[in-house]
Amino acid sequence: MGRISKENYYLDIAETVLRRATCLRRVYGAIIVKNDEIISTGYNGAPRGRQNCVDMGFCTREAMKIPSGERYELCRSVHAEANAIISAARRDTVGSTLYLVGRNAQTGELLHEATSCAMCRRLVINAGIEKVIIRNTETEFSVVDVADWVNLEDDVPALQ
């Protein structure tokens with residue numbers, strides 16, 4: 001048995017974290033790592049004290065026939081990245097790496113094109129996170145330089 005890369009080691013941990021997620025559409029797990037130390041973890045689910053979609057037995061956005069990737073403000077869940085960030089001190093997130101894994105909640109299939117939404121990108125930027133590593137396959141991943149997100153202005157439509 002060969003030794004796995006450090007990236008896949010942390011992605012495997014993020015994959016374990018996603019098993020706590022409570023969304024009926026997509027489940028995500030995120031961990032923040034700095035200096036080879038796990039700072040915090042997060043998965044998507046309703047805010048503390050509120051009912052989760054799995055407990056209610058339905059997804060509000062699905063019931064309203066809202067396509068995936070749209071109208072996040074109607075979602076009951078706090079995203080995995082956001083939960084990981086709010087569970088950490090900013091002094092620990094500056095210069096860190098966030099590892100992210102997503103799966104389809106019904107099929108368990110790995111989301112090959114997973115990425116952070118525009119709202120979570122803003123949180124990642126403000127937290128001072130340096131890189132986001134996203135699992136594409138069981139062994140392959142993408143590395144995002146967060147500076148590229150800072151320079152990306154297309155996440156908010158321009159006013160006309």
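The values are calculated or read from the model by the stated rules, or taken from the named source; none is laboratory data. Computed from a predicted model, the values in this text were never measured in an experiment. For neighbour counting, all protein chains shown are included, and Cβ atoms are generated from backbone atoms with ideal geometry for every residue, glycine included. What goes into the accessible areas is simple: the full protein's heavy atoms, side chains included, and nothing from ligands, DNA or RNA. Shrake-Rupley method; radii C 1.70, N 1.55, O 1.52, S 1.80 Å.
Over the chain, calculate the relative contact order: mean separation of alpha carbon pairs under 8 Å at least 6 apart, over the residue count, as a percent.
Contact order relative to length: 22 percent.
Any idea which of Thr60, Tyr99, His112 is furthest toward the positive side of the dipole for the range 19-134, if Lys and Arg beta-carbons carry +1 and Asp and Glu beta-carbons -1?
Of the options given, the answer is Thr60.
Suppose each label sits 7 Å from its Cα in the direction of the beta carbon; what would the Glu73-Arg91 distance come out to in nanometres?
Modelled inter-label distance: 3.6 nm.
Run the quick spin-label model on Ala147 and Asn126: label points 7 Å from Cα toward the beta carbon, then report their separation in nm to one decimal.
2.3 nm
Give, in nm to one decimal, the length gained when the segment between Thr139 and Ala114 is fully stretched (0.36 nm per residue of separation minus the Cα-Cα distance).
Roughly 7.5 nm would be gained on extension.
Would you be so kind as to identify which of Gly2, Ile38, Thr139 lies farthest towards the positive end of the dipole of the chain, taking Lys and Arg as +1 and Asp and Glu as -1 on Cβ and the Cα centre as origin?
Farthest towards the positive end: Ile38.
At q = 0.22, 0.23, 0.27, 0.28 Å⁻¹, what log₁₀ I(q)/I(0) does a Debye calculation on the Cα points of the range 73-140 give, no solvent, two decimals?
Log10 of I(q)/I(0), two decimals: -1.00, -1.06, -1.25, -1.28.
Among rounded, prolate and oblate, which fits the range 1-52 when a ≥ b ≥ c are the square roots of the eigenvalues of its C-alpha gyration tensor, a/c under 1.5 means rounded, and a/b larger than b/c means prolate?
Oblate, since a/c reaches 1.5 and b/c is not below a/b.
For the chain, what mean projected area does the convex hull of the alpha carbons give, in nm²?
Dividing the Cα hull surface by four gives the mean projection, 10.7 nm².
With only Lys, Arg, Asp and Glu charged, each at its Cβ (+1 for the first two, -1 for the last two), find how big the charge dipole of the chain is about the Cα centre; round to the nearest 20 debye.
640 debye
Evaluate the charge dipole of the range 1-54 about its Cα centre and quote only its size in Debye, nearest 20, assuming +1 on the Cβ of each Lys and Arg and -1 on the Cβ of each Asp and Glu.
Around 320 debye, computed over the range 1-54.
Once neighbouring chains are kept in place and the probe is 1.4 Å, which whole percent of the accessible area of the range 87-146 is contributed by carbon and sulfur?
Of the solvent-accessible surface of the range 87-146, carbon and sulfur hold 48 percent.
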